[in-house]
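Let me begin by presenting the structure, written as structure tokens, before commenting on it.
The values are calculated or read from the model by the stated rules, or taken from the named source; none is laboratory data. All figures in this text were calculated on a predicted structure; none of them were measured in a lab. Note that we place each Cβ from the backbone using ideal geometry, even for glycine, and neighbour counts take in every protein chain shown. Side chains included, ligands, DNA and RNA excluded: accessible areas come from the protein's heavy atoms. Shrake-Rupley method; radii C 1.70, N 1.55, O 1.52, S 1.80 Å.
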Amino acid sequence: MMKLLYVAPLLLLAFTAASEARPKVLGTTKCKTGPLDIVFVIDSSRSVRPFEFETMRRFMIDIIHHLDIGPNATRVGVIQYSSQVQNVFSLKSYFSRVEMEKAINAIVPLAQGTMTGLAIQYAMNVAFSTQEGARPLHKKIPRVAVIVTDGRPQDRVTDVAAQARAAGIEIYAVGVQRADMNSLRAMASPPLEEHVFLVESFDLIQQFGKQLQDKLCGVDMCTELDHGCQHTCVSVPGSFYCQCKPGYKLNADGKTCAVIDACADGRHGCEHQCVSSLGSFACRCRTGYQLNQDKKTCNMINFCNFGNHSCQHECVNVLNGYYCRCHDGYTLQADGKACQATDLCNSVEHGCEFKCVSTTGSYHCVCPEGQQLQADKKTCNTAECKAGHIDLVLVIDGSKSVRPQNFELVKHFVNQIVDLLDVSPHGTRVGLVQYSSRVRTEFPLNKFMTAADVKKAVQRVQYMEKGTMTGLALKHMVEHSFSEAGGARPLSQNVPRVGLVFTDGRSQDDISEWARRAKESGIVMFAVGVGKAVEEELREIASEPVDQHFSYSADFNTMTNIVDNLKVNICPEEGKGETEFRSPCECEALVQFQSNTLAILEDLTNKIAQMMARIDQLENQVGRK
């Protein structure tokens, strides 16, 4: 049944004396407070007089002096209440008796009503929270609330006290003088006879303090029992529990410990390997890799960066090492480091008729003195027609669709052709016409008599832009460029006349009439188209056989037969005599020009196609932005 201390002072003193006369615990037992979380809930309503409040200060200080205070031992907090609740200091505030005593002595009573239920609510929600210093429940540290009051609560205490007890708080209810016994019983934890105390006056509350100390003091179960804890036994009033060292966790038996595998949960973030070590972990990389600064990701070790590879050309890093590599056209030597130029003439089927000459990463064929390399770049032919000559007019498209960068390629193409010609007053003459919406003679056939002068003039040509009047350009070529006034040599001299039209789009005027007139006047017409050039127009411009005189795509493989076919058509020794008035040397000169021109056309068309693809790509990127 409930313990009542509602007795006279003399009787209480006798009881106290009797309790002090009880036999002491045997030396084999050890009285130890053990780790506790204690919160004193002190009534400071107006009914508590100043000298009585001083008695409560001493009561709290006396109890604290008998507790093992510390962050890992007992923690103490104090709150006072009247019509409101005030936190004097929390469980995490102080860990020394001196600091606590100083804070208790500095308390100023609130001197208002008696809202005991509000105080219990505060203790449960705030004072015993982990944020205010209470140890987590899983650590099994007892939570003890000591409520001291001298009157009847002005609010309800039954429900909130039940909630506090259900939350694991052990409540001691201490009533002084006018305290209501039913309220004390409603607040206290069971058994009531051990948790409800009623004293007649504040002077006697210190005697209760000694009895409360006895309640809080118990046998050190870790010393008295065979606890079986593998690492550490922690004693609490009336019981104990086992605790593991850092880096270990308690097994299900509550006694033995196991190493915490920090890698097991998969949250370590290690790219390669996770190595667990006493509750922590470290990341480790596989052989050939090194750990980055983030201590988680790995990067392959670059052995080439060590600077001791001795590779003559290139060092190539691989897992756990490196190897040396040579530039194109070189062969790695037996030492695995040095490089030597590869003699491709001795390692490939070069096909050279006379002699193969190796260069770095490539080779080329040469012919003996007095012979020249043919269009296949492999066979040789006697250069008996070196003195051959023609009148060549190049008609180039300068319309807006060509674009400036492509126009520069066209000029480069023109100069490549010039490099192959024997430009001189009595040799080959070159004229250049540019057209767009109008036609402009850049220079006539009799303007420049050396290849160097022709090339300089080509470089000075300015891009016209605007439309594509190919028919108008053909008319200009026939009427002006190949006229004797325009520098063409008389037809009586049998100098071949060659016109080469270069365009990238559909003509904006009719080409039929002047394409026909050009061929009827004896001009050998070549038509080269790129980009959006119309094949039908190119065929209409080209001389017969058409397939040998026009080109549209970047693939010129089918054009290589033009040389032999052209010989059959115009050379007197092979052409049935229709053109016997032409000299063999003049015929050979024309054939050689056509062969060289086809090779240059192939290279130029490839470059233009690559550039136009790049421009289309850039336009698409700009359009997406």
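Relative intensity of the range 469-556 on a log10 scale, I(q)/I(0) at q = 0.13 Å⁻¹, equals -0.40, per a Debye sum over C-alpha point scatterers of equal strength in the absence of solvent. Maximal additional length on extending the Gln508-Ser96 stretch stands at 138.1 nm, based on 0.36 nm per residue less the C-alpha distance. Does the range 407-450 come out rounded, prolate or oblate by the C-alpha gyration tensor, with a ≥ b ≥ c the root eigenvalues, rounded set by a/c under 1.5 and, if not, prolate when a/b is larger than b/c and oblate if not? Oblate. For the range 322-367, chymotrypsin sites (Phe, Trp or Tyr not before Pro) meeting the loop criterion (DSSP other than H, G, I, E, B) and having at most 15 other Cβ atoms within 10 Å: Phe354. Only Cα pairs under 8 Å and 6+ residues apart enter the sum, and on that basis the relative contact order of the range 465-527 stands at 48 percent.
In this simple spin-label model, placing a label point 7 Å from the Cα along the Cα-to-Cβ direction at both Tyr323 and Ala341 gives a separation of 2.6 nm. Putting +1 on Lys and Arg Cβ atoms and -1 on Asp and Glu Cβ atoms, find which of Leu137, Ser45, Ile79 reaches farthest to the positive end of the dipole of the range 34-146. My answer, from the dipole projection, is Leu137. Here the label points at His412 and Gln372, each 7 Å from Cα along the C-beta direction, are separated by 2.4 nm in the simple model.
Using the average count of surrounding beta-carbon atoms within 10 Å as a protection proxy, the listed peptides 469-477, 154-162, 341-349 rank, highest first, as 469-477, 154-162, 341-349. For the range 256-324, how big is Rg over Rh, using alpha carbon atoms and the Kirkwood form of Rh? Radius of gyration over Kirkwood radius for the range 256-324 works out to 1.22. Each label point was placed 7 Å from the Cα along the Cα-to-Cβ direction; for Arg178 and Gln163 their separation is 2.8 nm. Computed extension gain for Gln154 through Val108, at 0.36 nm per residue and net of the alpha carbon distance, reaches 14.4 nm. Considering only protein heavy atoms and a probe of 1.4 Å, how much of the accessible area of the range 230-363 is carbon and sulfur, as a whole percent? Whole-percent figure for carbon plus sulfur exposure: 48. Sort the range 89-154 into rounded, prolate or oblate with this rule: let a ≥ b ≥ c be the square roots of the eigenvalues of the Cα gyration tensor; rounded if a/c is under 1.5, and if a/c is not under 1.5, prolate when a/b is larger than b/c, oblate otherwise. It is oblate, given that a/c is not under 1.5 and a/b is not larger than b/c. Restricting the GluC sites (Glu not before Pro) of the range 454-527 to loop positions (DSSP other than H, G, I, E, B) with no more than 14 neighbouring Cβ atoms within 10 Å leaves Glu484. Looking at the range 341-466, the accessible area is 50 square angstrom per residue; that uses a 1.4 Å probe and ignores ligands, DNA and RNA. With θ taken as phi - 60° and the Karplus curve 6.51 cos²θ - 1.76 cosθ + 1.60 applied, the whole-hertz 3J(HN,Hα) list for the range 304-316 is 5, 6, 5, x, 10, 6, 6, 5, 5, 10, 10, 9, 10 Hz, x standing for glycine and proline. Using the Karplus relation 6.51 cos²θ - 1.76 cosθ + 1.60 with θ = phi - 60°, the per-residue 3J(HN,Hα) values for the range 129-145 come to 7, 5, 5, 9, x, 5, 6, x, 4, 5, 7, 6, 7, x, 10, 10, 10 Hz, with x marking Gly and Pro. The heavy atoms of Lys139 offer some 90 square angstrom of accessible surface to a 1.4 angstrom probe.
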